[in-house]
Amino acid sequence: MTRPLSKSRFRPGDAPDATILREHAPLLRDIERRGLLRGSLSLGALAMLGGCSPKDSESIQATLRAISRFNDRMQALLFDPTRLAPTYPESMVLKPPRFNAFYGVEDVRPVDGATWKLELAGRIAERQPWSVAQIMALPEQEIIIRHICVEGWDYIGQWSGVPLRLFLERVGADLSCRYVAFRCADDYWGSIDMASALHPQTLLATKYAGEAIADPFGYPLRLRTAVKLGFKNPKWITSIEVTNDYPGGYWEDRGFNWFSGL
Amino acid sequence: MEPMTAPRPGRRLHPWPIRIMHWVNAAAMIVMILSGIGIYNDEAILGWVFFPHWLLLGSWAAEHLLWHFAAMWVLVFNGLLYLLYGLLTGRFRRKLLPISGREAVADVRDALRFKLAHEDLTVYNSVQKLLYIGVILAAILQVVSGIAIWKPVQFSGLTALFGDFQGARLAHFLGMAGIVGFLFVHVALALLVPRTLAAMVTGGPVVPEERT
């Protein structure tokens with residue numbers, strides 16, 4: 001239970017890149033369960049649970065995840081599909097947008113638009129793949145909305161692309177399904193509920209501030225929805241699946257709340 | 001609510017619902033604070049303020065968030081029950097009002113000199129009244145600003161009350177700081193006068209009905 005002493009109990013002034021920490025956090029968690037033990041100790045002291053065996057920590061962890069699933073349902077109830085997120089003037093748009101992924105910006109692998117295809121799967125009638133040119137030819141909508149990260153930062157961005165609702169209708173997706181799942185060129189994946197997918201401020205974005213989205217931000221195609229936290233907006237999308245089987249997601253499988261609606 | 005309001009001679013200073021709600025709130029509030037400062041660490045509001053890792057509940061962001069969004073239900077529903085109880089039984093009116101400005105100044109002066117009288121646990125001095133009202137208001141601010149942060153689209157009007165999303169985060173942080181400040185004073189005074197701590201466990205002295 002003893003923790004190695006770090007140089008400072010506080011974060012040093014020149015902190016390591018947060019993405020490195022985030023990337024390794026799940027790994028660290030799996031290797032050593034001291035964080036969970038400490039958590040169970042603190043709770044034990046509070047709730048007089050006593051005990052700090054790994055088994056207890058696992059049951060606490062399971063309870064917390066069960067409450068998170070309950071929170072998914074509560075958020076779905078709170079979600080008003082007709083309620084629009086605030087929009088902002090062009091003068092407030094951050095250029096370029098803020099980068100974030102489960103790795104650093106230097107590790108971004110640009111997608112070749114010439115060979116890129118968008119694959120479709122699941123409960124979709126017309127599943128032939130789409131090229132960049134075909135996607136760009138679809139009707140386009142622009143929204144200037146606030147991006148809010150689960151970490152607490154935010155910025156205002158100007159996104160354009162085909163509304164996901166319009167795209168799903170165009171390809172004959174079963175809109176009564178529960179989930180829309182996304183796979184990405186960088187092996188990220190994620191999923192959102194159908195009600196959020198059909199929200200008028202949910203786009204398959206191809207442009208930022210009027211120009212093709214730059215490589216670090218998801219070229220050629222990414223999701224941009226005003227009704228979800230940032231990590232629910234996959235970049236470099238390579239496939240879309242409509243399904244009733246819970247698809248999870250990269251961060252969600254590591255403990256972040258799945259619904260994560262705003 | 002009838003059994004609670006019915007006159008009953010020999011009631012204790014802290015009836016059992018108050019004691020249960022007090023300790024449930026204490027546990028939920030501490031979970032909210034220790035997980036909340038972990039969430040804060042991922043995007044500090046005050047660039048130079050980070051909280052040490054040994055203090056945090058949960059080992060990384062996902063766990064801080066799981067704790068925070070679990071304990072919030074306990075905090076909110078227990079808090080609502082407490083407010084209902086305090087309003088419906090008249091406990092708030094009897095215990096926390098009235099507050100006289102002059103008395104408050106005198107009591108603060110006495111408190112700072114450690115001369116504040118506390119022979120009678122059943123009557124709160126004006127410093128106590130102000131602190132208790134203050135912390136109740138701070139807890140309400142935490143719930144309101146918390147909803148503004150959690151649901152800035154569904155409750156965008158609430159978020160706008162704080163200016164914007166970052167304004168709501170700042171209010172939520174300052175509300176937490178205020179509650180932590182209260183906690184230090186509250187716990188220190190309870191330890192200085194241990195009878196008050198015992199009273200919140202056993203119920204404390206029997207008091208005339210009109211003063212419970």
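What follows draws every value from the coordinates through simple rules; no lab data is involved. Fair warning: this is a prediction, and the values are worked out from it, not measured in the lab. Positions of Cβ are generated from backbone atoms using ideal geometry, with glycine treated the same way; all protein chains shown enter the neighbour counts.
Which listed residue (B:Gly47, B:Ser35, B:Leu192) has the Cα farthest towards the positive end of the charge dipole for chain B, taking +1 on Lys and Arg C-beta and -1 on Asp and Glu C-beta about the Cα centre?
Selected residue: B:Leu192.
Using a Cα-Cα cut-off of under 14 Å, which aspartates and glutamates could be cross-linked to B:Lys129, ignoring same-chain neighbours fewer than 8 residues away?
Those aspartates and glutamates meeting the cut-off are B:Glu103, B:Asp107.
Just tell me how shielded B:61-74 is by partners: mean number of partner chain Cβ atoms within 10 Å of each residue's Cβ, no decimals.
Average per residue, whole number: 6.
Give or take rounding to whole Å, what are the principal axis extents of the alpha carbon atoms in the protein assembly as shown, in descending order?
83, 49, 42
In degrees, nearest 10, range 0 to 90: what is the angle between the Cα axis of helix B:16-41 and the longest Cα principal axis of chain B?
20 degrees
Mind ordering B:156-167, B:64-75 by average Cβ neighbours within 10 Å, highest first?
For the peptides B:156-167, B:64-75, the packing ranking is B:64-75, B:156-167.
Give me a single rounded figure for A:226-232: the average over its residues of other chain Cβ atoms within 10 Å of their Cβ.
1
Which value, in debye to the nearest 20, describes the size of the charge dipole of the range A:90-254 about its Cα centre when Lys and Arg Cβ atoms bear +1, Asp and Glu Cβ atoms bear -1, and nothing else is charged?
Its charge dipole is roughly 240 debye.
Divide, for the range A:119-262, the radius of gyration over alpha carbons by 2.2 N^0.38 Å, where N is the residue count.
0.95
Name the residue from B:Gly157, B:Val143, B:Ala111 whose Cα lies farthest towards the positive end of the charge dipole of the range B:100-160, charges +1 on Cβ of Lys and Arg and -1 on Cβ of Asp and Glu.
Going by the Cα projections, it comes out as B:Gly157.
Over all residues in B:37-50, what is the mean tally of Cβ atoms on other chains that come within 10 Å of each residue's Cβ? Can you show the working numbers first?
On the way: counts 0, 0, 3, 2, 4, 8, 7, 3, 1, 0, 1, 3, 2, 6.
Mean partner shielding for this stretch: 3.
Which of A:Lys117/A:Lys228; A:Lys235/B:Lys151; A:Lys95/B:Lys151; A:Lys95/A:Lys207; A:Lys207/B:Lys151 have a Cα-Cα distance over 20 Å?
A:Lys117/A:Lys228; A:Lys235/B:Lys151; A:Lys95/B:Lys151; A:Lys207/B:Lys151
When the convex hull of the Cα atoms of chain B is projected onto a plane and the area is averaged over all directions, what value comes out in nm²?
Over all viewing directions, chain B projects a mean Cα-hull area of 13.7 nm².
At q = 0.18, 0.24, 0.30 Å⁻¹, what log₁₀ I(q)/I(0) does a Debye calculation on the Cα points of the range A:168-220 give, no solvent, two decimals?
Debye intensities relative to I(0), on a log10 scale: -0.75, -1.09, -1.18.
Working from Cα positions, state the angle (0 to 90°, nearest 10) between the long axis of helix B:165-192 and the longest principal axis of chain B.
Tilt relative to chain B: about 40 degrees.
Work out the FRET efficiency for B:Ile20 and A:Thr82 from their Cβ-Cβ distance, taking R0 = 41 Å, and round it to the nearest 0.05. Spell out each step's value before the answer.
Values: r = 41 Å, r/R0 = 1.01.
That pair, B:Ile20 with A:Thr82, gives E of 0.50.
For an R0 of 45 angstrom, estimate the FRET efficiency from the Cβ-Cβ distance between A:Ser91 and A:Lys117 and round to the nearest 0.05.
So the FRET efficiency works out to roughly 0.75.
First measure r as the distance between the Cβ atoms of B:Glu119 and B:Leu55, then evaluate 1/(1 + (r/R0)^6) with R0 = 41 Å and state the FRET efficiency to the nearest 0.05.
Using R0 = 41 Å, I get an efficiency of 0.65.
Return the whole-Å distance between the Cα centroid of the range B:48-117 and the Cα centroid of the range A:146-162.
34 Å
Considering only DSSP states other than H, G, I, E and B, which GluC sites (Glu not before Pro) in the range A:93-151 qualify as loop sites with at most 10 other Cβ atoms within 10 Å? Walk me through the intermediate numbers first.
Numbers: sites: A:Glu106, A:Glu119, A:Glu126, A:Glu140, A:Glu142, A:Glu151; in loops: A:Glu126, A:Glu140, A:Glu151.
Qualifying residues, ordered by number: A:Glu126.
Under a GNM of chain B (C-alpha, springs under 10 Å), which listed residue has the highest mean-square fluctuation: B:Leu112, B:Leu87, B:Leu174?
Of B:Leu112, B:Leu87, B:Leu174, the most mobile in the Gaussian network model is B:Leu112.
Counting DSSP beta bridges with both partners in the range A:113-262, what percentage is antiparallel, nearest 5? Spell out each step's value before the answer.
Working: 33 of 37 bridges.
The antiparallel proportion sits near 90 percent.
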